Amino acid sequence: MDSNQNRVQKPNRSIKPATAKGAKDPQKAIAEIKKRSTTRQKKQQQQKQLIILGAALLAVIVAIIIIAVACSGGKGGTNDVTADASPAVTAPVQGTDTDLVPVTTEPTGTNPLSVNGLGEVYTAEEYLQSLTPGATPQPVQYLPIIEKGPTDSKRIAITVDDLNEVDNLNKIITIAESNKAKITLFAIGSVVDAKPTLQEALRRADKLSFEIENHTYDHEREKRVYSLDDAGLAYEIYQTQLAVNNALGVNYDMHFVRLPGGNGETDLRTHQYLIQLGNYKGIAHWTFSGSNASITDIKKSLKPGYIYLFHCKDADLKKLEEIIPYAVEQGFELVTLNEMLGYEPNAKSSLTGDSAIPEPYPFVYQEFTMVGKKHYTQMYIVQLMQKRLIDLGYLSSAAAVDGDYGDDTKLAVRLFQYYNSLSADGLAGTATQSVLFSSGAKFNPSTYVAGDESTYPSGTELEMFLNSAG
Ligand SMILES: [Zn+2]
């Protein structure tokens, strides 16, 4: 099952800062190219051409594979992609399951490439080729997701999120100051805008060389960045920068975003946008949640490189009153994230007053295989897939378009794969994604709809279908 070469480069869950502004940065190439494409109209025209070109290309590839498969007796390669792609041309999925699936009439009509309101989707190849024919697509970069710092020196980083309770925050700042400790504050933009007292506390923290970072603007469950459209994503990130800039009276180049709940940390589009903005070094996770632990357990946990998550609640304040002096006593240096990770302090420049929010570049997705159901699989691309599966009739319109690759989504993917002559493993691999987002994707011809159990065949039949398909 090794298909690394075909997957998107995995986010780097290590402490080493990645080369966000690497030499051959595709974003840069994209930025340059994008400048030339001045109007949206032009882009749409290009998109149309692209779709036609893509379809033609797909047809050629399919033809080639048909010939290849015919010549080789139908046995494809062993890697994921070939396994995923070969059924596209070897036609009917084998096994008794064919009999189990009632086929209604083949729907007719157009099947436009629609990602309705959820943004534009390109493969890296399509996108670059559409703008610069002949360009070599490069892997889209991820920023590191930081869960821990270097462990070779006795340093820890205390981070405090949300900052709603300003009185408590001021007390925490005082405790840190009197213990010669530094802390990193993750600010919610809307709270900063709403509370002049918080703005003052941030100025005070900044004067003490504490660090202020981005915790998105709204912090509501329905405002998780991976689940928003482009404008929503940009607002959540950039509007928070503006709020902090205004509070501090300078342009303040934050280095880290912490996503509420850690949701969507591996979402490619979010990484893309942070890289586009230029000042971000990573997405900040944490090693240990002090908010969820007892004072005793926090004391026991103290280790070099640990990043601690706290909030400003009364309970957190109580813990920090004890933990900060204790950690110092134990010989730990309490540093900011920048210090821990070896970055310069967040750069400051004079306030420009420019509040225009940079628009994200069109979303470029690359090949990946979706597995599991953990929170960190929540992704924008999964939302796009869910929307598309609903449009094509494989996923119930009542299903949540939430970017979470759960059981219903997986079943919908299997049904889609089955009726599009792909290996029905429920993993949205390269071949599956390219067919799904193509105009050649087939509507669900059956009466089965994932997410609507009343349409499922009876227990054993469904099991047989799923087993035979997988
Ligand atoms: Zn939070």
Filter the stretch 171-200 down to the residues that are in a helix (DSSP H, G or I) and in contact with an Asp or Glu (Cβ under 9 Å, 6 or more places away or on another chain), then identify the one that is surrounded by the fewest Cβ atoms within 10 Å (Cβ to Cβ). Thr197
Quick one: in the stretch 139-164, which of the residues that are over 15 Å from the mean Cα position of the chain (by Cα) and in a strand (DSSP E or B) is farthest from Tyr326 (Cα to Cα)? Asp162
Do we have Tyr273 as surrounded by 14 or more Cβ atoms within 10 Å (Cβ to Cβ), in contact with a Pro (Cβ under 8 Å, 6 or more places away or on another chain) and either under 23 Å from Leu169 (Cβ atoms) or of a type outside the set (Val, Ile, Thr) (or both) here? yes
Could you please tell me which pairs satisfy a Cβ distance under 8 Å, a separation of 6+ or placement on different chains, a first residue in the stretch 214-232 that is within 13 Å of Ile188 (Cβ to Cβ), and a second residue that is within 16 Å of the ligand (Cβ to nearest atom) and basic (Lys, Arg)? Asn214/Arg258; His215/Arg258; Thr216/Lys223; Tyr217/Lys223
Would you check which residues across the stretch 174-192 are over 20 Å from Asn338 (Cβ atoms), more than 16 Å from the ligand (Cβ to nearest atom) and free of Cβ contacts under 8 Å to residues at least 60 places away in the same chain and list them? Thr174, Ser178
For the stretch 269-307, name all the residues that are under 24 Å from Ala347 (Cα atoms), part of a strand (DSSP E or B) and within 16 Å of the ligand (Cβ to nearest atom). Ile283, Ala284, Ile307
When residues of the stretch 233-268 are filtered for being at pLDDT below 95, away from the ligand (no atom under 16 Å from the Cβ) and assigned to a helix (DSSP H, G or I), how many remain? 1
Which condition number does Tyr326 fail, the rest of (1) among the hydroxyl-bearing types (Ser, Thr, Tyr); (2) outside the structural domain of Ile175 (by TED's automatic domain parsing); (3) assigned to a helix (DSSP H, G or I) being met? (2)
Filter result (farther than 12 Å from Ile323 by Cα and among the hydrophobic types (A, V, I, L, M, F, W, C)) within the stretch 294-313: Ile307, Leu309, Cys312
Any chance the stretch 283-292 includes a residue that's within 15 Å of the chain's Cα centre (by Cα) and crowded, with 23+ Cβ neighbours inside 10 Å? yes
Can you name every residue in the stretch 276-320 that is of a type in the set (Val, Ile, Thr) and touching a residue at least 60 places away in the same chain (Cβ under 8 Å)? Ile283, Thr287, Ile307
Given (1) loosely packed, with under 14 Cβ neighbours inside 10 Å; (2) more than 16 Å from the ligand (Cβ to nearest atom); (3) under 30 Å from the mean Cα position of the chain (by Cα), index of the condition Gly331 fails: (3)
Determine whether Leu389 is modelled with pLDDT of 90 or more and closer than 27 Å to Glu265 by Cα. yes
The correct count of residues that are surrounded by 15 or more Cβ atoms within 10 Å (Cβ to Cβ), polar (S, T, N, Q) and not in a helix (DSSP H, G or I) in the stretch 334-350 is 2
Candidate set from the stretch 209-224 (those that are in contact with a strand residue (DSSP E or B) (Cβ under 9 Å, 6 or more places away or on another chain) and assigned to a loop (DSSP other than H, G, I, E, B)); member that is surrounded by the most Cβ atoms within 10 Å (Cβ to Cβ): His215
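The values are calculated or read from the model by the stated rules, or taken from the named source; none is laboratory data. Treat the numbers as computed from the prediction; the structure is a model and nothing was measured. Every residue, glycine as well, gets a Cβ built from its backbone with ideal geometry; the counts of neighbours run over all protein chains shown.
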